[in-house]
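None of the figures in this text is laboratory data; all of them are computed from the coordinates on show. Worth saying up front: this structure is predicted, and the values here are computed from it rather than measured. Reconstructed Cβ throughout: ideal geometry from the backbone, glycine too, with neighbour counts over all protein chains shown.
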Amino acid sequence: MMAKLERSPQQARMEAVSRDALVQAALQEITQNYREASLSNVARAYGVSLAYVSECVRAQTGRTYKELLQKHRMETAARLLRRSDLNIQQIIAQVGYENTSYFYRLFHERYGLSPREYRLGRTGDRFMSLVKSGQIANCCQPNALMTLKEYLEDYATADTRAKGIQLIKKELEHIPNPKIKEIATCNLKKIEEGKRDFRF
């Protein structure tokens, strides 16, 4: 009878480890090791079961670990398409995918464009036209603020989130076009409500 009441070593460790610490470790695994990230690494490091870590992540974020990892990989790929000279195959490998068709499908589901279309639409002629017309501040600045807001909502600690929100409020005032500022403010509110992927 007593043997049945005894806790296993793993159960004891699960009770000792903070759920918040496990979730933060899981999120760090995504941001720092997204190419080869695995929730098993976190479970092994803390000596708890994979199922337990998975449950903690979903309970606190409302998303599965796989969904969070996929989101970060897609956002990283989009950023590399915008800001790097890597070709698409290099970017696919960089963010941890081996199956090109699968990556293309995920990317199109998220952004509504192929990686090539996304790159062409966010750089080149469109960028130069924005620079020449003086409208670059009405595009890049609100996009940067919305990207920051998504990070604050999804990954930041309470203290970082509070500081980030104050920064966003301050920087909103530097957007020259009143209409763009109004749309950006509305999108920031929607991001706080859980919606994602707004851009100008």
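General remarks:
- For the residue pairs Lys66/Lys170; Lys170/Lys190; Lys66/Lys181; Lys66/Lys169, the C-alpha atoms sit more than 29 angstrom apart in Lys66/Lys170; Lys66/Lys181; Lys66/Lys169.
- Members of Lys71/Lys163; Lys149/Lys195; Lys163/Lys195 lying beyond 18 Å, as alpha-carbon distances in this model show: Lys71/Lys163; Lys163/Lys195
- Computed lengthening from Arg82 to Glu109, 0.36 nm per intervening residue step minus Cα-Cα distance: 7.9 nm
- Going from the residue with the fewest nearby Cβ atoms within 10 Å to the one with the most, Val57, Val17 rank Val17, Val57.
- Legend: ranking of residues Arg105, Arg63 from fewest to most surrounding C-beta atoms inside 10 Å; resulting order Arg105, Arg63.
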